[in-house]
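Below is one structure; the comments refer to it alone.
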Amino acid sequence: MTIEKLTESIESEEYRKRFGGHFHELKWLYAELYGDDSLHFDELCEQMYRWYCERRDTLKELDREREANPDWYKKQDILGMMMYTEQFADNLEGVRNHLDYLESCNVNYLHLMPLFDSPEGRNDGGYAVADFRKVRPDLGTMDDLEKLIKECHNRGISVCLDFVMNHTSEDHEWAKRARNLEKEYMDRYFFYDNYDIPSQFEKTVPQVFPTTAPGNFTWLPEIQKYVMTTFYPYQWDLNYRNPVVFNEMVYNILYLANKGIDVFRIDAVPYIWKTLGTDCRNLPEVHTIVRMIRIITEVVCPAAILLGEVVMEPVKVVPYFGTVDKPECHMLYNATTMCTTWHTVATKDVRLLKHQMDILSGLPKQYLFLNYLRCHDDIGWGLDYNYLRNYGIQEIPHKKYLNDYLTGEISGSLSEGELYNSDPRLGDARLCGTTASLCGIEKAAYRHEKEKLEKAIRFDLMLHAFMLTQSGLPIIYSGDEVCRQNDYSYKDDPNKAEDSRYLHRGRFLWEDAEKRNDPDTIQGRFFAELKKMEELRAAEEVFASDAEVWTADTWDDSILAIIRHRGSQRLIALFNFSDQDKTAWLNEGYEPYTDLMSGELIVPRDVFVPAYGFCWLKNNRY
Ligand code: GLC
């Protein structure tokens, strides 16, 4: 249909304008993937308008507000937290009852881990979705979700949810019908009668879970077919070559957007397009799809924005921002900085981290990254090995060193991590553990080593200060604000025992949270300091995401110096990754700066930084 025909019945002037502005590009992109399939394209356009019409007035109001202020999510006072609903407060109502706690943590962006219906024991932490429109019954109902979102919005908290688009659970209705050999539904996945084509894919496609779910295909004996399963065998890859899959998944997004979701975390997005002979990662068609989703949400529900989950090196991540004219994701994870930080913890050598900071500060300021220390996933060692090779460091032995250090195998290390998906074939393994346990709080507290405990707490605070120093949106992993240690109980649960990511997915300990106001406890001290840092970050313009940022030399490879500059403000941030007290030698003039944490005046020439400590020095007269 032509645009005239498609807009004939549109009564809303606002919608007509948004749709008209994007129609030709959308049509073009759709044709790139699906040829001249006007049947499905017209249906998509009609449905988009239907979802717009069904959107609540308050959400339409928010759409307008955010259209007028498109940088709303870049404000420096936004602080995120991610959590499992069930671990934090049993269910959605529980989360709603604990919003005061989140506010006391300065949190105004809440990422709830997947909460849609998914089968017990075969759910990959909720990432195997059986129904995108039904909340897992033990967590509540769609009404509870909507109620929670409304209450969050009343308090100025935005809500982020995952949209798991690469696959469905094998219990999803489509998968069930495909298993019944209904062609229409089989066409939504990848089925093969024998191993010929799967074996060709296996030659070029790497494995996501080499130990816990080897291979990219699963044999289904009852129907004598292979199905593509990049992740777990119960997560069936969707076939986006089929326009019905694209359309239906878009309707699921729009359905959820109409429940008020502010941020869609597009899970595992690099994987969604498969082509034989490639590694099936980041193919050009993936970008076409993400761009179409961006257009569609901008037309129907512009209040909702996209966060891409691309856990890869920067050259692969950055294209997901799209271009200035044709943007894709609004935000992306800063996975490389996260793993480089843990590399720095283990090596006490900041050179790679400094290099990484320099790369990031060279990127356009409109790119917004999500910064984090830990999340629900493992730490994968996606480091810049080309750079490390300059220092004679090789990938495989280096990964072994990092894993040995962070699992406490190396003498002097207080870390308590566990390996994840150790692949002896490649000599590769990833790592799990909470921030507090990786910093040594668990081991030092257990051994009653007071001085070491002090250092470990300081280390944990320093890493949070480093996260808060970076431009972008900082996300705290629920529990980290009260030093949650590893939870070993997953080993007793047969559904979890194989997946060591559950080590850092433990229950939120409310008894620890209660201690947050008691300065005589670890939790109380940590919470107060963290809060102070968060409040400084929100208040001082030098932390704005559009500040100029660069690194400086300190003449010591264990101290990282980051300089931020905005307006007349300048901040010198110093991070000591070594277990020794140190002096950072700087060449930043003789003007005194204020230490934001202590209030002391300091000339930035020879600055004392305690073992595992940090300082934020600010000057207003630049
Ligand atoms: C993402 C999630 C991870 C999950 C995977 C498969 O990478 O972060 O937890 O296992 O997608 O959905």
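The values are calculated or read from the model by the stated rules, or taken from the named source; none is laboratory data. What you are looking at is a predicted structure, and each value in this text was computed from that prediction instead of being measured. Cβ sites come from the backbone with ideal geometry, for glycine too, and all protein chains shown count toward neighbours. Calculation scope for accessible area: heavy atoms of the full protein, side chains included, ligands and nucleic acids excluded. Shrake-Rupley method; radii C 1.70, N 1.55, O 1.52, S 1.80 Å.
Numerical summary
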| quantity | calculated |
| --- | --- |
| For the stretch 187-334: relative contact order, % (alpha-carbon pairs under 8 angstrom, 6 or more apart) | 19 |
| Two-site FRET efficiency, residue 348 against residue 528, from Cβ-Cβ distance with R₀ of 22 Å, rounded to 0.05 | 0.20 |
| Simple Cβ-charge dipole of the stretch 500-606, Lys/Arg +1 and Asp/Glu -1, about Cα centre, in debye nearest 20 | 500 |
| Distance (nanometres) between label positions extended 7 Å along Cα→Cβ at residue 28 and residue 316 | 2.9 |
| Surface per residue (accessible, 1.4 Å probe) for the chain, Å² | 39 |
| Distance violations [Cα-Cα > 28 Å] among 348/452; 75/326; 27/225; 450/582; 496/531; 452/515 | 27/225; 496/531 |
| Computed over the chain: relative contact order in percent, which uses C-alpha pairs under 8 Å that are six or more apart | 11 |
| Residue 51 accessible area, assembled protein chains, probe 1.4 Å, Å² | 10 |
| Pairwise label distance in nanometres, residue 495 with residue 578, each label 7 Å out on the Cα-Cβ vector | 4.9 |
| Inter-label distance, nm, simple model (7 Å from Cα along the C-beta direction), residue 365/residue 192 | 5.0 |
| By average C-beta atoms within 10 angstrom, highest first, the peptides 308-316, 592-600 | 308-316, 592-600 |
| Cα-based helix-to-principal-axis angle, 522-539 vs the chain, degrees rounded to 10 | 70 |
| Gain upon complete extension [residue 517, residue 50; 0.36 nm per residue less C-alpha separation] | 163.1 nm |
| Given charges at beta-carbon only (K, R positive; D, E negative), |dipole| of the stretch 430-488 in Debye | 180 |
| Model label zone, residue 255; criterion: amide N under 14 Å from point 7 Å along Cα-to-beta-carbon; scope the stretch 23-65 | 51 |
| Accessible-area ranking of 142, 48, largest first, probe 1.4 Å | 142, 48 |
| With every protein chain in place, the chain: carbon and sulfur % of accessible area (1.4 Å) | 49 |
| Calculated FRET value between residue 134 and residue 601, using beta carbons and R₀ = 56 Å, to 0.05 | 0.40 |
| Mean separation of Cα contacts under 8 Å, 6 or more apart, over the residue count of the stretch 186-271: relative contact order % | 28 |
| Residue 450-residue 422 FRET efficiency (beta carbon distance; Förster radius 45 Å; 0.05 resolution) | 0.85 |
